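In what follows, a single structure is set out as C-alpha cells and then discussed.
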Amino acid sequence: MNNSVRNTARLIGAGLRALLVLTVICGIVYPLAVTGVAQALFNDKANGSEIRSEGKVVGSALIGQTYNLPPKNPDDAEEAARPDLKWFQPRPSNGLGSNSVNTQYSLILSGATNRSADNAELVQWVTDAKKAVVADNKAKGYEPRPSDVPADAVTSSGSGLDPHVSPEYAQLQVHRVAEKNKLTVQQVEKLVKDHTEGRTLGFMGEPRVNVLELNIALKALTQS
C-alpha cells in the first residue's frame, strides 16, 4: 500500500513538473521568442502592415477603405453611400454589418457573395455598378465606354477587404480625379504608375495598385 502511494505521488510530481516546464517553454519562452524574431526581422508585417500619413496610422496595407461623402441625413441609416469622387475609389464592398476593427468597411466578417455567375441578383448588381462607374468617371473631354470597365470595378473580392485595384481601374479614374483636384492628367497618371506594384516574385498574381497609398500620395500632391 505504501509503495502504491509513493508511486502515485511520484507520478503526480513528475506530471506537475512536466506541466510547469512545458508551460514555461510553450506559454512564455516560445511566444516571446517568436514575437522577438517577428519584431526584429518583420517589424512592419508583425504590426499589421500599418500605413502612416503625417505621423498618424491611417490604415493597413492589407485592408481596403471606402472614400464616401458624409451622409446628407446622419439619422437615416438606409441612405445610400455616395462616393467622394475626388479620391480614387476601391473595389465594391457589399458588407454584412458593422465591425470595430475597420469602420471604413461595413463588415462583420470577410467573405464573398457566393452567388453564381448567372444569378439574377448578381447580374443586376454588376449591370448597375458598371453604369455607375461610367457615369462617375466622366470628365471634360473623356467618357469611358462600358467595355473599358474592368471586372474589379464592379465586383468585390473573395474577402470583400481587398486594398488593391487593377492598374486598368486606377487608369479609368485618372481623368475624373485630375479634374476634381485641378491637376493635370499627366500628374495623376504618374501617381498611378509610381504606385503600381508588379507581380509577386515576378510571376505570382497580377499587377495592382494599393488605393490607400495612392490616395495618400494624391493628397500630398494637392497640398504641394
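Output needed for the stretch 2-43: three equivalent-ellipsoid semi-axes, defined as square roots of 5 times the C-alpha gyration tensor eigenvalues, in descending order, whole Å.
Details: eigenvalues 297, 4, 3 Å².
For the stretch 2-43, the semi-axes come out at 39, 4, 4 Å.
Using only Cα atoms, find the angle between the long axis of helix 211-223 and the longest principal axis of the chain, and express it within 0 to 90 degrees, rounded to the nearest 10.
50 degrees
Quick one: which residues, 5 or more positions from residue 64 or on another chain, have an amide H under 5 Å from its amide H? H modelled 1.01 Å from N in the peptide plane, none for Pro or chain starts.
Those lying under 5 Å, H to H, from residue 64 are 162.
Greater than 27 Å separation of Cα atoms is the criterion. Which listed pairs, 45/182; 72/130; 130/193; 72/131, meet it?
45/182
Using a simple spin-label model with points 7 Å from Cα along the Cα→Cβ vector, what separation in nm is obtained for residue 32 and residue 199?
4.5 nm
If I compute Cα Rg over 2.2 N^0.38 Å from the structure I just sent, which labelled value in (i) 1.04; (ii) 0.96; (iii) 1.48 lines up?
Correct label is (iii).
What does the helix-only formula give at 222 nm for the chain: each DSSP H stretch with n ≥ 4 adding -39500 (n - 2.57), the total divided by the residues, and the result rounded to the nearest 500 deg cm²/dmol? The partial results should precede the final answer.
Numbers: 8 runs with 92 residues, N = 224.
Taken over the chain, the calculation gives -12500 deg cm²/dmol.
Simple spin-label model, 7 Å along Cα-to-Cβ: residue 73 to residue 123 in nm?
Distance between label points: 3.4 nm.
Tell me the angle of helix 2-24 to the major Cα principal axis of the chain, expressed in degrees between 0 and 90 and rounded to the nearest ten.
Computed tilt is about 30 degrees.
Tell me, in nm to one decimal, what length is gained between residue 184 and residue 159 on full extension, where the rule is 0.36 nm per residue of separation less the Cα-Cα distance? If you can, show how the numbers build up before the last one.
On the way: separation 25, 0.36 × 25 = 9.00 nm, distance 3.46 nm.
Residue separation times 0.36 nm, minus the Cα-Cα distance, leaves 5.5 nm.
Under 18 Å Cα-Cα from residue 180, which aspartates and glutamates qualify once same-chain neighbours fewer than 8 residues away are excluded?
Residue 180 reaches 84, 136, 143, 189.
Set the Förster distance to 30 Å, then compute FRET efficiency between residue 116 and residue 41 from the Cβ-Cβ distance, nearest 0.05. Numbers along the way, then the final one.
On the way: r = 44 Å, r/R0 = 1.45.
Using R0 = 30 Å, I get an efficiency of 0.10.
On a 0 to 90° scale, report how tilted helix 185-194 is relative to the longest principal axis of the chain, with both axes built from alpha carbons and the result rounded to the nearest 10.
20 degrees
Students often get this wrong: which residues of the stretch 55-89 have the backbone nitrogen under 15 Å from the point 7 angstrom along Cα-to-C-beta of residue 221?
Backbone N within reach: 86-89.
Read-outs: derived from the displayed coordinates by stated rules, not from any lab. Owing to the predicted nature of the structure, the values given are computational and were not obtained by experimental measurement. All Cβ positions, glycine included, derive from the backbone under ideal geometry; neighbour counts span all protein chains shown.
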